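Inspection log for the structure reproduced underneath, given as structure tokens.
The values are calculated or read from the model by the stated rules, or taken from the named source; none is laboratory data. All values derive from a computational prediction rather than experimental measurement. With ideal geometry, Cβ positions are generated from the backbone for all residues, glycine too; neighbour counts draw on all protein chains shown. Heads up: the accessible areas ignore ligands, DNA and RNA and are worked out on the full protein's heavy atoms, side chains in. Shrake-Rupley method; radii C 1.70, N 1.55, O 1.52, S 1.80 Å.
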Amino acid sequence: MEGFGDEGASVVSPVARWEHDAWRMYRYYLDRATPHTVCRWIGTLVIVAVYCSRLYYVRGFYIIAYGLGVYVVNLLSGFLSLLVDPEHEHSDGPLLPTKCFDEFKPLIRRLPEFKFWYSFTRAFIMAFVMTFFPVFDVPVVWSILLCSWTLVFLATMGCQIRYLIRHKCILFNIGKQKYGGQKSSASNNVSSMA
């Protein structure tokens, strides 16, 4: 009998092999999408629009939307938080680099952008799929859920913004600033001669 009792032989079922190959292909495309931030977020906005249109079409599943909203607020809180809390971290020495080989990292998020995007997109996909199962369409008063979510959002984001202002953090850096500068007098003379 082949593969039976032989420790060197490995019998892998075709289903397990297919599952492994599908997972590797999924990870491959996910890794390739990592540097394309704008394209990833545009795709996510399309998914959000499809989900919102589905909610508008069925006019229900408010409890799923509420749970999704609370989860998104939790993700935002992690995205707007520092990995190391300066208030609780006790350092004996200076925080700035003291030697030429020391590295200074002024801001490290608790939830990096890619993980934030991935969790955000996955949550909307799961919520979209849940709208096809009537067991999740619990009758609730949507206005109470909306007021509750608004209070959770304002309280959480208010605390996060005060936290960021207190620690002088700038989380959204668009890139290198461009300075207008002054033209040199030699270039002004050349352009006036022409």
- prompt: Here is a list of conditions, (1) open to solvent by less than 60 Å² (accessible area, probe 1.4 Å); (2) not in a helix (DSSP H, G or I), and residue 12 meets all of them except one; can you say which number that is?
  reply: (1)
task: Specify which of the listed residues (104, 114, 128, 153) is in a loop (DSSP other than H, G, I, E, B) and either exposed (fewer than 11 other Cβ atoms within 10 Å of the Cβ) or modelled with pLDDT of 90 or more (or both).
output: 104
- request: Test residue 187 against the criterion of being open to solvent by 70 Å² or more (accessible area, probe 1.4 Å), of a type in the set (Ser, Thr, Tyr), at pLDDT below 70 and not in a loop (DSSP other than H, G, I, E, B), and give yes or no.
  value: no
message: Every residue in the range 52-66 that is of a type in the set (Gly, Ala, Ser) and either open to solvent by 40 Å² or more (accessible area, probe 1.4 Å) or under 14 Å from residue 135 (Cβ atoms) (or both), please.
response: 53, 60
- line: For the range 27-64, the count of residues that are within 22 Å of the chain's Cα centre (by Cα) and more than 14 Å from residue 125 (Cβ to Cβ) equals 14
